[in-house]
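Read the figures in this text as sums done on the coordinates, not as results from a lab. The structure displayed is predicted, hence computed values, not measured ones. Cβ atoms come from the backbone with ideal geometry, glycine included; neighbour counts cover every protein chain shown.
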Amino acid sequence: MNPFCRGIREDILKIAKASGHGHIPSCFSVVEILCAVYATIRHDPKDPAWEGRDIFVLSKGHASLAHYCTLARLGYFDIGRVVSFGAFGSDFGCHADRLKVPGIEVSTGSLGHGIGIGVGMALAFKIKHSGRRVVTVIGDGEANEGSVWEALMVADNLKLDNLTVIYDNNMSHGRGLQIMNPAEKLRAFGCRVDEVDGHSVKELQDALAARPETAVHAVVAHTKKGYGCRTMVCDAYAWHRRCPTDEEFTRLMEELDEETV
Amino acid sequence: MRKRFRDTALALAKDDERIVLLFGDVSVYLFKDFIEAYPDRFYNIGICENAILGVGAGLSSQGLIPVMHTITPFITERSYEQIKLDLCYNRFGGNIVTCGASFDYAWDGATHHAYTDLAILRLLPGMEVIQPGSVKELEVLFRSQYANGRPTYFRLSDHPHTIDTDPVFGKAVVLKDAGAGVTVMTAGPLLGDVLEACKDLPVNLVYFHTIKPIDREAISRFRDTEIVVVHDAFGLFEAIAEVPQLRMTYRGLPDEFCSCYGKLTDVRRTIGLDPASIREFLEKKLEH
């Protein structure tokens, strides 16, 4: 595992354990995605409001802890601040508040909202003849929401080639409405689609760098809920909102260093 | 009123490059001059109200001023969560301007009637709610509020009144202060019918074009009178009730769908909000 990504997972586990909050498997599925995004977009951790920055929107807002830990490791703020995750008075809620956390562009949580706002941001950059781009991550469960597909139709109609939608295909909805062919659906909605191993930072970065010139770019990232810890991958539903006991925490930390995840 | 909306938007856009119109496939032909003048600042997004609001929030986040326009119930009721989260919670300002107030589309039936919008939108933190009754009120209040950085709702009507009220945002208009024991309070286009109903009755008359923030000071002036709220929607009564310990009566909508079709006047007559019915109600109130 990429050491940077391993470090983020370690932070996630420690903070989830300490706080009792987490969505750990959903966080673990987007770690490489977050690393690749921030390695690709223009941003400045020392000046989060820099006017020339690209925009990243985590539409699947329940992976906020992964986002916080990534931003902390990039230097947006000290990881020590995130330890208060979910506590009364904390700036770091289980769903992020853009007015409280540097680097958070949109307050998300309810699914199917971030992508629509991202479409508006991409349109704003077109209107202003700006070269800035927008990258958003949606979850496969989130794609149950009709508003996701409304937003994609509008983005296609407006020819927003400055918008990249990363589809975190962590197969989270096998028990519900699992969309089995996301790439095909995204193509049908006008996107140019790349499919990558969502746990390969290199594959993700290559896809993010190769943007189409005339279409919305979609990257279907095939991921696993809980990737990084075998225990969670094997029983992702049980771990969806659960936090580890002392014994489980020790085992999960050990699993981060195992070859097979 | 929609024509005045068009003229006002066109005039403002000339000097304010931040204005961007996002339409839900209504009023598009009416705005052909705007589209011709500012093609990159007009988008007929489509019949997808959730997306209109999301896109508006995104534009707002980058310093533009979205004006989101479509039919009242579809954007306020279907997309309530987008208004709540994309605009209000995220503090992304913008203007929602709707057509089809209350029973303007009486003939279309209950799917196109809109009477909850004012009531539900006033519940959202940071939201401003405006029900212009006349074309002048629309223009004055739109010019005053469109660039305030807050989510602001303007409810247009095809049946405006023609009474000159000298509108100021957030201020009620006291049209009659007769020192009477009964005070009629109303809002929006219904003022025309209400004024006709009570012009020679011994009542006070207070009129609102701004539902949120409600003018508590004006209401408080009449707190010792019996207040009769006459309104063809929900929301005004509840807003007035923010002032504690009032004696209030609501003359408005029944707890049922008004599916009688016809014209606006037919619906108003059916539910007792035509001038004769309002007058009869007030006369009985004055007898007690």
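Points to keep in mind about this one:
- Counting only aspartates and glutamates at least 8 places from A:K17 when in the same chain, those with an alpha carbon closer than 19 Å to its own are A:D78, A:D91, A:D235, A:D246, A:E247, A:E248, A:E254, A:E255, A:D257.
- Sites excluded, chymotrypsin sites (Phe, Trp or Tyr not before Pro) in DSSP loops with at most 15 other C-beta within 10 Å, longest stretch of chain A: A:89-236
- Three principal axis lengths of segment B:1-69 [C-alpha, angstrom, descending]: 25, 25, 21
- The distance from the alpha carbon centre of segment A:121-149 to that of segment B:162-230 is 46 Å, rounded to a whole number.
- If both residues of a DSSP beta bridge must be in segment A:105-242, then about 0% of such bridges are antiparallel.
- Per-residue [θ]222 nm for the protein assembly as shown (sum of -39500 (n - 2.57) over DSSP H runs n ≥ 4, rounded to 500): -10000 deg cm²/dmol
- Considering only chain B, percent of DSSP beta bridges that pair antiparallel, nearest 5: 15 percent
- For the peptide A:156-162, the mean number of other protein chain Cβ atoms found within 10 angstrom of a residue's Cβ is 1.
- Between A:M180 and B:A276, the FRET efficiency from the beta-carbon distance, with R0 = 60 Å, is close to 0.45.
- Take every Cα pair under 8 Å whose residues are at least 6 apart in sequence, average their separation, divide by the length of chain A, and the relative contact order is 24 percent.
- Label positions at B:S259 and B:T111, each projected 7 Å from the Cα along the C-beta direction, are separated by 1.2 nm.
- Measuring nothing but how far apart in sequence close Cα pairs (under 8 Å, 6+ apart) lie, relative to its length, chain B scores a relative contact order of 16 percent.
- Listed pairs B:K84/B:K136; A:K159/B:K14; A:K159/A:K202; B:K32/B:K136; A:K126/B:K171 exceeding 31 Å between Cα atoms: A:K126/B:K171
- Reachable lysines, given that their alpha-carbon falls under 17 Å from the alpha-carbon of A:K60 and they are not under 8 places away in the same chain: A:K224, A:K225
- For the protein assembly as shown, DSSP calls about 10 percent of its internal beta bridges antiparallel.
- Within 10 Å of the Cβ of each residue in A:102-110, the mean number of Cβ atoms contributed by other protein chains is 3.
- Shown here for segment B:144-195: trypsin sites (Lys or Arg not before Pro) in loop regions (DSSP other than H, G, I, E, B) with at most 16 other Cβ atoms within 10 Å, namely B:K171.
- Across the protein assembly as shown, Cα-Cα distances exceeding 43 Å account for 29% of all pairs.
- Note that segment B:173-287 shows a convex hull volume over its alpha carbon atoms of 100 Å³ per residue.
- Selected from B:I130, A:N181, B:L282, residue furthest toward positive end of dipole (the protein assembly as shown; charges at beta carbon): B:I130
- Across all C-alpha atoms in chain B, the radius of gyration and Dmax reach 18.7, 61 Å.
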